[in-house]
Amino acid sequence: MARVKFLCDADRCIECNACVTACKNEHEVPWGINRRRVVTINDGKPGERSVSMACMHCTDAPCAAVCPVSCFYTTADGVVLHSKDLCIGCGYCFYACPFGAPQYPKVGNFGSRGKMDKCTYCAGGPEADSTPAEYAKYGANRLAEGKLPICAEMCSTKSLLAGDGAIIAEIYKERVMKRGYGSGMWGWKTAYSDSPTG
Amino acid sequence: MPGSSSILRFANLKFAVFKPLLAALALLFVFAQPAAAQISFKPTAEAVQEDKLLNALKEGDKITGRVSIPDRTAANLIQPAGRDWRDFQRSKLPWIGGISILGMLAVLAIFLMVRGRIRVHQGFSGKTMLRFASFERFTHWLTASCFIILALSGLNVSFGRTLILPLFGPDAFATMSAWAKLAHNYLAFPFMLGLAIMFLIWIKDNIPGKLDWEWLKQGGGLLSDDKHPPAKRFNAGQKGIFWIVIIGGVLMSVSGWFLLFPYLPGNVTALQFWTVIHAVIAMLFIAAMLAHIYIGSIGMEGAFDAMGTGEVDLNWAKEHHAIWVKEQQAKGEAPSDGTARAVPAE
Ligand code: HEM
Ligand code: SF4
Ligand code: SF4
């Protein structure tokens with residue numbers, strides 16, 4: 001099976017936040033949680049770039065490695081998902097994640113954070129595919145319907161790419177060759193340990 | 001109307017004067033613009049490069065930018081230190097915990113086999129004296145019971161998924177861990193209270209002195225039953241335990257406090273740091289307390305009574321705390337030697 005990934009071509013991102021909005025709407029993500037966000041580097045300076053970032057679905061995911069109840073699992077496509085039934089809201093995955101992806105519905109002390117929420121690559125959770133129970137906890141399961149994540153599908157400049165990691169990396173490299181520059185595959189080194197195919 | 005035409009004429013005149021000037025300006029603009037752009041801005045060379053930013057990062061640093069949503073932490077784009085923390089949790093902590101806790105258990109088992117229980121050399125006298133008053137015992141057990149639950153629930157966070165999850169299955173283990181987490185988070189407070197009271201009531205007897213040096217030089221009498229270096233209320237070994245508890249307890253409380261209120265340190269790198277401190281000190285602390293529990297129970301005859309009933313046998317006290325017994329006898333708070341019952345002769 002394909003190893004799916006996200007890739008943000010920052011030289012194309014116009015910081016329109018359509019991906020952020022599409023995600024919130026598709027999954028009815030609760031207030032205060034942004035599964036995806038757009039970060040602008042060198043804001044207002046020459047060479048400023050915006051990067052759309054969510055969970056990168058890492059290889060050997062740090063979140064999964066540190067979760068004390070081991071509630072993460074990786075699908076055959078390489079998507080990192082977790083079970084909200086098992087999560088105890090300890091915050092460890094948030095400490096480990098290099099991309100700040102895990103978030104909590106409550107801003108509480110004493111570990112009263114509630115169940116962790118993060119990007120699912122539009123692939124739902126452990127419940128049966130596309131059921132109301134799955135939707136309520138994790139949002140839509142587009143992958144089960146043969147569709148790609150809504151954020152990348154919505155992207156008007158095709159800056160945000162989703163799909164087979166090898167193919168989107170190839171598309172990006174072709175673009176860089178053609179236009180002569182590229183600011184890099186943001187997060188890939190950190191998420192996939194230098195290997196673009198891992 | 002004369003007025004309006006004069007205004008018109010004036011405007012015309014003005015335009016006539018400014019026209020060449022404006023044209024010149026516009027020309028300048030047209031020519032200068034691309035030139036200026038070429039000099040000051042090349043998308044190729046000047047765009048931020050992920051590579052460069054990553055390579056320039058210092059340890060624990062992160063690439064940050066600006067976000068348009070209120071959540072400031074969302075502005076952190078890439079923080080590679082998460083992977084180091086993953087490696088600490090997964091590969092280093094099990095070694096640190098394994099060596100200190102299992103190592104200590106092994107040392108104690110060997111000690112028990114080689115040395116056996118430390119006996120009261122003179123035998124029990126049948127006369128007792130008060131060693132710990134009820135409030136002291138209450139404080140000790142408050143702190144100790146909290147410590148045991150904190151240690152077990154903490155170890156469950158560190159190693160439960162490896163050791164207990166396979167036995168319980170995911171659902172039962174997650175339920176148990178959720179309760180353990182609640183216990184850990186709330187029992188931290190009585191623990192800190194007990195720690196503070198212990199510090200206040202016992203500090204005066206735990207200041208290191210010359211006698212402690214002597215005691216340590218003689219190995220604390222651990223190796224023989226009949227030779228015990230003299231000691232006041234607490235010997236050097238007990239003072240050591242006191243300071244391990246105080247310093248360890250304060251480190252656990254400070255680091256635990258930041259984990260309990262994660263919005264205080266405010267950034268992930270600080271939280272990673274405090275969990276490392278909390279976890280490493282926890283392993284060492286637990287190992288030290290195992291030794292303390294051993295010597296206070298099976299390791300030494302007559303020791304448990306001090307914290308059990310509070311009354312210790314006079315002979316036990318004389319062997320381990322000779323000077324303290326004399327002080328208490330002088331104050332009339334301990335029975336005098338060799339009256340009521342005959343002490344078995346050697
Ligand atoms: C002195 C006795 C204590 C021991 C032996 C202990 C032990 C531990 C251990 C082993 C962990 C897991 C560390 C890891 O694997 O990363 C942990 C986590 C934690 N400890 Fe402690 N701890 C103690 C006291 C405290 C205190 C006094 C506080 C609070 C002020 C505290 C708050 C926490 C928190 C918040 C966590 C994170 C996990 C969770 O939310 O349950 N601990 N502790
Ligand atoms: S980006 Fe964060 S949450 Fe997503 S897989 Fe990696 S470590 Fe886990
Ligand atoms: S917050 Fe939940 S998912 Fe994250 S590490 Fe803790 S238990 Fe696991």
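Taking other C-beta atoms within 10 angstrom as a stand-in for reagent exposure, A:Tyr92, A:Tyr192, A:Tyr73 fall in the order A:Tyr73, A:Tyr192, A:Tyr92, fewest first. Along the axis of the charge dipole computed for the protein assembly as shown (Cβ charges of +1 for Lys and Arg, -1 for Asp and Glu, origin at the Cα centre), the listed residues B:Leu53, B:Gly221, B:Ile164 are led at the positive end by B:Leu53.
Would you order B:Leu167, B:Leu57 from fewest to most other beta-carbon atoms within 10 Å of each residue's own beta-carbon?
Numbers: B:Leu167 8, B:Leu57 15.
Ranking B:Leu167, B:Leu57 by Cβ neighbours within 10 Å, fewest first, gives B:Leu167, B:Leu57.
For B:Ser68 and A:Asp129, FRET efficiency with R0 = 30 Å and r from the beta-carbon atoms, rounded to 0.05? Computed FRET efficiency for A:Asp129 and B:Ser68: 0.35. By the beta-carbon count within 10 Å of each Cβ, the least crowded to most crowded order of A:Ile33, A:Ile150, A:Ile14, fewest first, is A:Ile14, A:Ile33, A:Ile150.
Within straight-line reach of A:Lys137, meaning a Cα separation under 15 Å, sit the following aspartates and glutamates at least 8 residues removed in sequence or on another chain: A:Glu26, A:Glu28, A:Asp85, A:Asp117, A:Glu127, A:Asp129. The distance separating the Cα centre of region B:46-90 from that of region B:207-223 comes to 52 Å. Charging the Cβ of each Asp and Glu at -1 and of each Lys and Arg at +1, and nothing else, the dipole of region B:88-330 about its Cα centre rounds to 320 debye. Measure nothing fancy, just the Cα-based angle from helix A:18-27's long axis to the longest principal axis of chain A, in degrees from 0 to 90, nearest 10. Relative to chain A, helix A:18-27 is tipped by roughly 20 degrees. Residues whose amide H falls under 5 Å from that of A:Leu160, counting only those 5 or more places apart or on a different chain, are A:Asp9, with hydrogens built in the peptide plane.
If one takes the longest principal axis of the Cα atoms in chain A, at what angle in degrees, from 0 to 90 and to the nearest 10, does the Cα axis of helix A:165-179 lie? Tilt of helix A:165-179: around 30 degrees. Taking Cα centre as origin and charging only the Cβ of basic (Lys, Arg, +1) and acidic (Asp, Glu, -1) residues, the dipole magnitude of chain A rounds to 420 debye.
Of all the Cα-Cα pairs you can form in chain A, what percent are over 28 Å apart? Don't skip to the end; give the middle numbers.
Values: 4504 of 19503 pairs.
Value for chain A: 23 percent of Cα pairs lie more than 28 Å apart.
Given B:Lys127/B:Lys239; A:Lys24/A:Lys178; A:Lys178/B:Lys52, which pairs have Cα atoms separated by over 29 Å? Result: A:Lys24/A:Lys178 exceed 29 Å.
Taken together, the values in this text are just the output of simple stated rules run on the coordinates, not laboratory data. Quick caveat, the model's predicted, so the values are computed rather than measured. Reconstructed Cβ throughout: ideal geometry from the backbone, glycine too, with neighbour counts over all protein chains shown.
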